[in-house]
1. Got a sec? Which helices (runs of 4 or more DSSP H) wholly within the stretch D:1-95 have at least 2 residues that are at pLDDT below 95?
2. Condition test on C:Leu162, is it in contact with a strand residue (DSSP E or B) (Cβ under 9 Å, 6 or more places away or on another chain) and outside any loop (DSSP other than H, G, I, E, B)?
3. Which ones in the stretch D:282-301 are assigned to a strand (DSSP E or B) and either closer than 22 Å to D:Gly268 by Cα or not charged (D, E, K, R) (or both)?
4. Are any residues in the stretch A:302-344 surrounded by fewer than 21 Cβ atoms within 10 Å (Cβ to Cβ), in a loop (DSSP other than H, G, I, E, B) and of a type in the set (S, T, N, Q), and if so, which ones?
5. Does the stretch B:73-122 hold any residues that are within 25 Å of B:Val31 (Cβ to Cβ) and in contact with a His (Cβ under 6 Å, 6 or more places away or on another chain), and which are they?
6. So which residues in the stretch D:159-180 are surrounded by fewer than 17 Cβ atoms within 10 Å (Cβ to Cβ), within 11 Å of chain A (Cβ to nearest Cβ) and farther than 22 Å from A:His297 by Cα?
7. I'm checking my understanding of the structure. Among residues of the stretch D:253-277 that are away from chain C (no Cβ under 14 Å) and in contact (Cβ under 8 Å) with a residue 40 or more places away in the chain, which one is surrounded by the most Cβ atoms within 10 Å (Cβ to Cβ)?
8. Please specify each residue of the stretch B:278-296 satisfying the condition of being without any contact (Cβ under 8 Å) to a residue 24 or more places away in the chain and surrounded by fewer than 22 Cβ atoms within 10 Å (Cβ to Cβ).
There are 4 protein chains.
Amino acid sequence: MIHVGIVGGTGYTGVELLRLLLPHPEVEVTVITSRAEAGQRVDEHFPNLRGHCDLCYTTPDPALLDQLDVVFFATPHGVAMDRAPELLAKGVRVIDLGADFRLSDTEVFAQWYGMAHRAPAALAEACYGLPEYYRAQVSEARLVANPGCYPTAVILGFAPLLATGLLNEELLIADCKSGVSGAGRSAKVGLLLPEAADSVSAYGVSGHRHRPEIEAVLSAISGTELEMQFTPHLMPMIRGIHATLYGRLRRPMRDTALQELYARRYAGEPFVDVMPFGSHPATRSVRGANVCRIALHQPRPGQVVILSVIDNLVKGAAGQAVQNMNRMFSLPEDLGLAHVALLP
Amino acid sequence: MIHVGIVGGTGYTGVELLRLLLPHPEVEVTVITSRAEAGQRVDEHFPNLRGHCDLCYTTPDPALLDQLDVVFFATPHGVAMDRAPELLAKGVRVIDLGADFRLSDTEVFAQWYGMAHRAPAALAEACYGLPEYYRAQVSEARLVANPGCYPTAVILGFAPLLATGLLNEELLIADCKSGVSGAGRSAKVGLLLPEAADSVSAYGVSGHRHRPEIEAVLSAISGTELEMQFTPHLMPMIRGIHATLYGRLRRPMRDTALQELYARRYAGEPFVDVMPFGSHPATRSVRGANVCRIALHQPRPGQVVILSVIDNLVKGAAGQAVQNMNRMFSLPEDLGLAHVALLP
Amino acid sequence: MIHVGIVGGTGYTGVELLRLLLPHPEVEVTVITSRAEAGQRVDEHFPNLRGHCDLCYTTPDPALLDQLDVVFFATPHGVAMDRAPELLAKGVRVIDLGADFRLSDTEVFAQWYGMAHRAPAALAEACYGLPEYYRAQVSEARLVANPGCYPTAVILGFAPLLATGLLNEELLIADCKSGVSGAGRSAKVGLLLPEAADSVSAYGVSGHRHRPEIEAVLSAISGTELEMQFTPHLMPMIRGIHATLYGRLRRPMRDTALQELYARRYAGEPFVDVMPFGSHPATRSVRGANVCRIALHQPRPGQVVILSVIDNLVKGAAGQAVQNMNRMFSLPEDLGLAHVALLP
Amino acid sequence: MIHVGIVGGTGYTGVELLRLLLPHPEVEVTVITSRAEAGQRVDEHFPNLRGHCDLCYTTPDPALLDQLDVVFFATPHGVAMDRAPELLAKGVRVIDLGADFRLSDTEVFAQWYGMAHRAPAALAEACYGLPEYYRAQVSEARLVANPGCYPTAVILGFAPLLATGLLNEELLIADCKSGVSGAGRSAKVGLLLPEAADSVSAYGVSGHRHRPEIEAVLSAISGTELEMQFTPHLMPMIRGIHATLYGRLRRPMRDTALQELYARRYAGEPFVDVMPFGSHPATRSVRGANVCRIALHQPRPGQVVILSVIDNLVKGAAGQAVQNMNRMFSLPEDLGLAHVALLP
């Protein structure tokens, strides 16, 4: 039995971790922290957990966390970097669902997150937790940086072509659409239902924190320092990311060859589904499930369009974190993650 | 291993049955029928099932169905009554998610469903599949009539008070709100997103098929022939029923006594959650889960308001059907039904 | 030309007043205040106004407001009562869209709004701005209390029957459903799209501030001190209120007589639409329009169900306020209010 | 007074034409046709029109239509081409909201619409009704082809840059997001609320009928035969199109120069709003209004991102049609079109 703690359990990634971890056959969630809600029952905060969870929130007391096997941080950036080193020193493994350990370059981190990195040694050993590309490293890791939601969808979609050098790296565009839960559970006027429902808008077009993350990982995978136009949009829905990815082939390529490339790359992957060529995956086909569905199109010769959908809270956050945990503790990678997506 | 067939697998109750039955540890789904889609892969129709289901739709061939342990009918009324008798004769148990066996009075059936009942013998042995009130009968049943979605929410909410004779049976009102999936997966203009989104309206105020069902069951439970005002409303959401139930106490009663009555009645019930007195359950707290959450209010002495929420496709249809199946086959009643609701 | 000011112009009633007043042929909006946004262009705050409005927010400076013909208060309770008396003294008329002047009984006000009333003299002269019932008074008023959104829908629906003494006043129930904009433009977690979308819940079942308002007005109209069960629900939509009203007739009454009662009472009313008996009005049929649509049902003899729908921001707030203004300034009551509802 | 007829008045563009034309001060709508609903009152079909419209649907009788000044076709493709020539011959002007006269090349028409063009002579005189680019021609036209919804948003967004030859025509991408009303009021399973709500998906990625229309018009405007990647997506909302347009500058250009180019091009245009550089227009800022809002971004030197939003039923259909009518009859172009968008 793995003894698990969650630091920062009042947001959407927190409750989603609980949805996945409470029924997990090899896990016991023993600590969940929230300074603001300390003492309150978790299922008063999230009534969907009634009957599944008897825990109360506690303050993030080191004495409690030190006894655990693994701690998930579902916190804003800046928290995990301050707590992870001591946990690692005590032999506790750490999975950070925030951004503290995603960017290996501390200067880039400082530029995009507005603070100096305060744990460069931990950062140096952190592993980027995208098992489809860093499985071996995750298996050995003490500290995993769980990828951002947009980066998960974009990297899984673009990587097979970029890894083989078939795309012109100067013409990459990721037009991404996200449900509102991706913005977190914070009381902002712009996220109110009367503001965000029945409307679509872009945001952060001139720059978004997930762009350097995507660029760094895809640069590493492709072996080329690449840049990408990344345009996030807010959708009037709760969950889901739809990444529409545009690239230009360096050389002509048949549709069947494109399809074969992806089918082979992801053969055996439990959580990547390469759909038939020309499909149109809907985000609802992954609602609540830890899966990324990908479909390929080539509307005109050389113009590739890749559609990649995930549930931002599952494969884009909590589900991927559990997938990483399974791997870190030598469990079957899909243990506790076999949910069928909720449709309709 | 229970061998299961689903007749009529292209609607919402069909896909929801598959979501619950495919991972069920004691079930093998071997047949799923659809005349219109025969030959097509089920996961082409419902892409959320990709990776979970290799079945193709077949025509409802008796030779296939006769081999099974149990057949679920997820069909419009009039289908199950024609097929159930021969299946029962072959030793196959039947759970009908449609309306054919819910009303024991064939005249009432004819009046509300516009057709004579063609299987009165089967009807006579059918059991109303609300385990919280007919558990013993379900355990012995060969033929179960799975309750309607509205009736499930209304009966579970009203029954404890009505069973004890504490309410004035002449002043019962059920004001019910349902998500659009309750209307089924049929191409009707009124259910299009641009028609049904961002709007609320009542329907069937002068009469709805679920009213006689509710009245018959609650009359039986209360031992009094009662009538009820039942007003269904269409909500701009996918899943969920919220029943707001109004009753008048015959005699004064303290809030704590009311609460105690419900807490005792449902103590030990795996799928009924009596919330603290004065709570306001939201339908999202049961999204995807086989549970009915109930909360009690007494705004003024003698005026009782009961709030009862379910997911219409789970506790209101497919989940309750699986709960019935578990009981019919002497399995733990909650086997394969322990999903945490999807929130947000 | 009427010179208009709006105090508190950053909320939903504020922007809705601007939508209606900016194109109004007899109005010039000259002042709109917001302490927090003073100096900012209004159309930066509300981009739908780009091209229609050159105003900037100002602080609520008495020197500016004193010059106006009428001031609308679109503020939380407690603001208008402090400002109205001096404006009235300067000859400026006041329309309060908040709650300060709706309850004539200061004790009831104190009980429900948690503060003593600080302008009892102004309150004594205030007129309840429901023109369908207080038209003559509105015409003469210097100070109008614009009704609450729920009260508008409930009173217009119940009043014709209650005014004639045909209903049992002890058995009144108003089950109301509101879009989220009714809760205002304030950053609360419970109103975020991921919380409020795709879900329905009741709130304030044990007591809501609109209940005493409804009870007081309907008591006055019926000539009987009555009580009502009022149950508000939050709907996953932006605009709209659907009131489902339940009453019991004292004596049998034919459907045609019921219909005739309402048709006569509202004949000639520009903003009340009595639909054919047995209709089911949808809130979308009034989206953006200053109209209340009402339909009557009598599912069983003596059991009356009245359906009443409005746009909470129009007939339930800003539209009704403009209707009152028109009347106060002897303009045609429907001037600037002839919008066709936006459907779909 | 202009006497107006609408052929095909049961769909969304039909009801939207009525919303705009019924209060139009220079218009009298005298005929509205529907074979299926002939004899039925229009306001029974669309209850938002109650109180605004006494018309009944009629069959499309030539004797009625011949008397009119102008006929709007709100019909599927193939209808207007059969009826327009005789109307033109009688001196009746025609505005087709369908696709019959948008593509001047009959071969391209046949390829994308699956039928031969049956009125090539009328087609030859048809004017593409985008007043911002064809104002003089519209003023003289007898037959106007009202642009498609996507083309309106894309062309208005791209044209200023393409007209000046500043963009590389080989690298144009239009990633477009549309509300479900864009698919029309037809009973298709995929458009049901439980299918289309809370989900996003692309469609027609390999080819969509609006692509040749966009390419033809932009080729004409730019003077170069260009191709474009056009990707439409279905959004879980009722109205609105958000076009996210990607282009590469041939030569470096400062942000201010970009902005100046658009500001100048659209100066004086009543229905195009160039927002401050770097803005993020939301579709809700144009809901119900006849306006296109455009914002420019240059995230990296040479990479231009243009955001263009419209209401698909107004500037993308009925509003633009009325704008064309105003111009054809020498009325002020914005007469009857000054609605403020409905927000929230």
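1. By residue number, D:62-65.
2. Working: in contact with a strand residue (DSSP E or B) (Cβ under 9 Å, 6 or more places away or on another chain): yes; outside any loop (DSSP other than H, G, I, E, B): yes.
It is true that C:Leu162 is in contact with a strand residue (DSSP E or B) (Cβ under 9 Å, 6 or more places away or on another chain) and outside any loop (DSSP other than H, G, I, E, B).
3. Once the filter is applied, which keeps residues that are assigned to a strand (DSSP E or B) and either closer than 22 Å to D:Gly268 by Cα or not charged (D, E, K, R) (or both), the stretch D:282-301 yields D:Ala282, D:Cys292, D:Arg293, D:Ile294, D:Ala295, D:Leu296, D:His297, D:Gln298, D:Pro299.
4. Here is the first cut: in the stretch A:302-344, the ones surrounded by fewer than 21 Cβ atoms within 10 Å (Cβ to Cβ) are A:302-303, A:329-335, A:338.
Now drop any that are not in a loop (DSSP other than H, G, I, E, B), which leaves A:302, A:329-335, A:338.
Passing the criteria: only A:Ser330.
5. B:Gly98, B:Ala99, B:Asp100
6. Across the stretch D:159-180, the qualifying residue is only D:Asn168.
7. Only one residue fits best here, namely D:Tyr262.
8. B:Gly278
The values are calculated or read from the model by the stated rules, or taken from the named source; none is laboratory data. This is a predicted model, so every value here is computed, not measured. Every residue, glycine as well, gets a Cβ built from its backbone with ideal geometry; the counts of neighbours run over all protein chains shown.
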